[in-house]
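Asker: The structure that follows is given in the form of structure tokens.
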Amino acid sequence: MRSENRGAKAYSRRITDRLPGFTLIELLVVIAIIAILAGMLLPTLAQAKLKAQGIQCMNNHRQLTLAWNMYAEEHNGKFANARSWYTSPVDYTAARYNWDPASSVLHPRISPLGPYCQHAGVFRCPGDRSFVRGSVDGRLQNMPRVLSMSMNNWVGGAAWGASGDKYRVYQNTSEMLNPAKCYVFLDEREDSINDGYFNASMEGYPSTPSFWEILDYPASYHNRAGGFSFVDGHSEIKRWRDARTMPKIQKGGTIPLGVKSANNPDVLWLMERATVPK
């Protein structure tokens, strides 16, 4: 029996001696190939993630606009407008309205759309990474802010600027002349949003581009693009063309608002879809 064990061990050593091993150069080549493949795949994976977020954002917009239309159907066509659809501030304090959906977006006194849309994630763009320090069970935690959607001020809000009285402020769905070309909700930048009200200036529209301005900044979370939803219920991702529409985000703070942006094609796009002349 012992001789058989010795023979088996000797045979195993002979087999092992004949098996080729990796040299250091071969190992380095394999590692380099893996690194190259990873470098090729990572940008593709990042693009796929951005695309998935864009699809989710459009779905959120569709659901929120559906809730908006359902509210109007039950209120004789009068909609929850830019003044009333969300009445809480948005900031970076630890106040519950910043991070607790039950105290903000889903609360019927703060958002009348809450009862029609009981999923809090719909009110927030998936690309928005802003947060506040909220106290949960007595412990401070980083909590995502509940709101990044804002509503076009011409949908029931106040006219803006010296030329404001020349343009229609919609109060009822029956007043909409072209539902497919009037946006209701949009993603607003985390350092621009301070309520649920997006100011779109009509100064200089359409033929005096030196007067064009950005009062509030749309978001560009989706690879230099932002989400929009329209009165007719469709949503889309708009890719911005001008760098002035996408300044560096001020984390935890507020970017200067009300900035002149002459000849900015993005501002023109927003004006063309905000309202119409009276």
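Asker: Exposure proxy check: GLU272, GLU213 ranked by fewest other beta carbons within 10 Å?
Answerer: GLU272, GLU213
Asker: Which of TYR170, TYR71 comes first, and how do the rest follow, when ranked by fewest Cβ neighbours within 10 Å?
Answerer: Arranged by neighbour count, lowest to highest, TYR170, TYR71 become TYR71, TYR170.
Asker: Can you give me the Rg/Rh ratio for the chain, using Cα atoms for both radii and the Kirkwood formula for Rh?
Answerer: Looking at the chain, the ratio lands at 1.28.
Asker: Another question, then. So how many Lys-Lys pairs in the range 44-272 land under 26 Å Cα to Cα, not counting same-chain pairs under 8 apart?
Answerer: Count of close lysine pairs: 18.
Asker: Continuing with the same structure: Distance between Cα centroids, the range 235-278 to the range 65-80: provide it in whole Å.
Answerer: 27 Å
Asker: Based on alpha-carbon positions alone, could you give the equivalent ellipsoid semi-axes of the range 168-266 from the gyration tensor, as √(5λ), descending, whole Å?
Answerer: 22, 17, 14
Asker: Further question: How would SER210, SER261, SER135, SER103 line up from fewest to most surrounding beta-carbon atoms within 10 angstrom?
Answerer: Listing SER210, SER261, SER135, SER103 from fewest to most nearby Cβ atoms yields SER210, SER135, SER103, SER261.
Asker: Can you give the extra length, in nm with one decimal, that the chain gains between ASP137 and ALA38 once fully stretched, where that is 0.36 nm per residue apart less the Cα-Cα distance?
Answerer: Length gained between ASP137 and ALA38: 31.5 nm.
Asker: Between VAL29 and SER163, 0.36 nm times their residue separation minus their Cα-Cα distance comes to what?
Answerer: Result: 41.5 nm gained on full extension.
Every read-out reported here was derived from the displayed coordinates using simple, explicitly stated rules and does not represent laboratory data. Worth saying up front: this structure is predicted, and the values here are computed from it rather than measured. Cβ: placed from backbone, ideal geometry, glycine included. Neighbour counts: every protein chain shown.
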